[in-house]
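Single-structure report; data block below.
The values are calculated or read from the model by the stated rules, or taken from the named source; none is laboratory data. Since the model is a prediction, treat every value here as computed from it, not as a measurement. Ideal geometry is used to build each Cβ from the backbone, glycine not excepted, and the neighbour counts take in all protein chains shown. Keep in mind that these areas ignore ligands, DNA and RNA; they rest on the heavy atoms of the full protein, side chains included. Shrake-Rupley method; radii C 1.70, N 1.55, O 1.52, S 1.80 Å.
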Amino acid sequence: MSNLLRLIGRRLMALPVMILGVTLLVFLVMSLSPADPARLALGESASPEALEAYRERNGLDQPLLTRYLSFLVGMLRGDLGTTSGNAPVTEVVAAAFPITLQLTFIGLAIAIVLSLVLGVLAALYRDRFVDQAIRVASIAALATPSFWLAILLIQWLGTVPGGWGVFPALILQWVPFAQDPGQYTSNIVLPALALAVPVAGSLTRVVRTAMVEELDRDYVRTAIGSGIPRREVVARNVLRNALITPLTVLGLRVGYLMGGAVIIEIIFNIRAMGQLILDGVTRNDVFLVQGVTLVVAIAFIVVNIVVDLLYVLVNPRIRNI
């Protein structure tokens, strides 16, 4: 138990250091840009007085270190500045971020289920027709860009001419699950599938390789030779030990899913983080882009810390590291 607590403590101690590094990187990239945030926000026709007032109001006339410290203090208080439309960035992001999280983790859940089922089947039927078919399907899924798959899903299953008309092609209004589970499900299916399929293709190959390596170990042959049913050995021992490598890859793919969700949201007209980034870039809204980038980066760090801790649950041997 003490080793487990030390492991958790090391991960949690690293969290604020990484977040601090992300805040510094995001701040420097946005602050050292040659563009003038005041002119970008107010337009080329703004008067010098209006530009100066904007800089004073947002602290842009302060030294770089002072601005960074003010940025950190504001972030700790939940203040990420205001958009070009004078709306608090924190409120705008708080309304959009849960939608992106839902899309990301539903896509992740679909990818995990598909990859576990297909990867285990491919390993159990190694070098047979099932294995070969799953290999071809996983390579095809891995090579399929999520944005291209999203367009195909809209054409095949969306409410467009020639499609089956099962799901909405564009999300005109995002409805929470508690308000209308049916509409929520119809809204989320196509975007989540577009995100999940490429990740499932990647994870399926990893699960299959890890399962094959584990099935060839001596303890598996010994357990089966001693009379323990093969199904029980696979379910209780092989699968548990084989999940270490897929978990490592899974932590990295969460970042891909979040980045892909931004594009998918734009394609399906989902008003979430993707639309915020697009609006911020289109309107040259520095504080909005900075806030969205920072929140997504911090979420990625937190998810990877959680994945690191999941290693302990899957394989107790890691507790002794």
Top-ranked residue in the range 70-87 [being of a type in the set (A, V, I, L, M) and in a helix (DSSP H, G or I); ranked as farthest from Arg39 (Cα to Cα)]: Leu76
Residues of the range 229-247 satisfying the condition of being in contact (Cβ under 8 Å) with a residue 40 or more places away in the chain, part of a helix (DSSP H, G or I) and closer than 24 Å to Leu193 by Cα: Pro246, Leu247
Candidates Leu190, Leu252, Leu195, Leu203 - the one that is in contact with a strand residue (DSSP E or B) (Cβ under 6 Å, 6 or more places away or on another chain) and within 20 Å of Phe147 (Cβ to Cβ): Leu190
Subset of the range 30-40 [without any contact (Cβ under 8 Å) to a residue 40 or more places away in the chain, closer than 14 Å to Phe71 by Cβ and not in a loop (DSSP other than H, G, I, E, B)]: Ser31
Condition check for Val175: open to solvent by less than 20 Å² (accessible area, probe 1.4 Å), more than 15 Å from Tyr256 (Cβ to Cβ) and within 26 Å of the chain's Cα centre (by Cα): yes
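Taking the condition touching a Lys or Arg at 6+ places or on another chain (Cβ under 9 Å), within 23 Å of Gly274 (Cβ to Cβ) and open to solvent by less than 20 Å² (accessible area, probe 1.4 Å), does Ala192 pass?
Taking the combined requirement at face value, the residue does not satisfy it.
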Residue under evaluation Gly59, criteria (1) loosely packed, with under 13 Cβ neighbours inside 10 Å; (2) touching a Lys or Arg at 6+ places or on another chain (Cβ under 9 Å); (3) not basic (Lys, Arg), criterion not met: (1)
Residue match in the range 99-121 (condition: more than 25 Å from the chain's Cα centre (by Cα) and in contact (Cβ under 8 Å) with a residue 40 or more places away in the chain): no
Candidates Val306, Val292, Val302 - the one that is modelled with pLDDT of 80 or more and under 17 Å from Arg11 (Cα atoms): Val302
Hits in the range 247-259 (condition: open to solvent by less than 10 Å² (accessible area, probe 1.4 Å) and touching a Leu at 6+ places or on another chain (Cβ under 7 Å)): Val254, Leu257
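Residue by residue, here is whether (1) open to solvent by less than 20 Å² (accessible area, probe 1.4 Å); (2) part of a helix (DSSP H, G or I); (3) farther than 19 Å from Pro246 by Cα; (4) small (Gly, Ala, Ser) holds:
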{"residue": "Ile154", "(1), (2), (3), (4)": "no, yes, yes, no"}
{"residue": "Ala210", "(1), (2), (3), (4)": "yes, yes, no, yes"}
{"residue": "Glu213", "(1), (2), (3), (4)": "no, yes, no, no"}
{"residue": "Thr222", "(1), (2), (3), (4)": "no, yes, yes, no"}
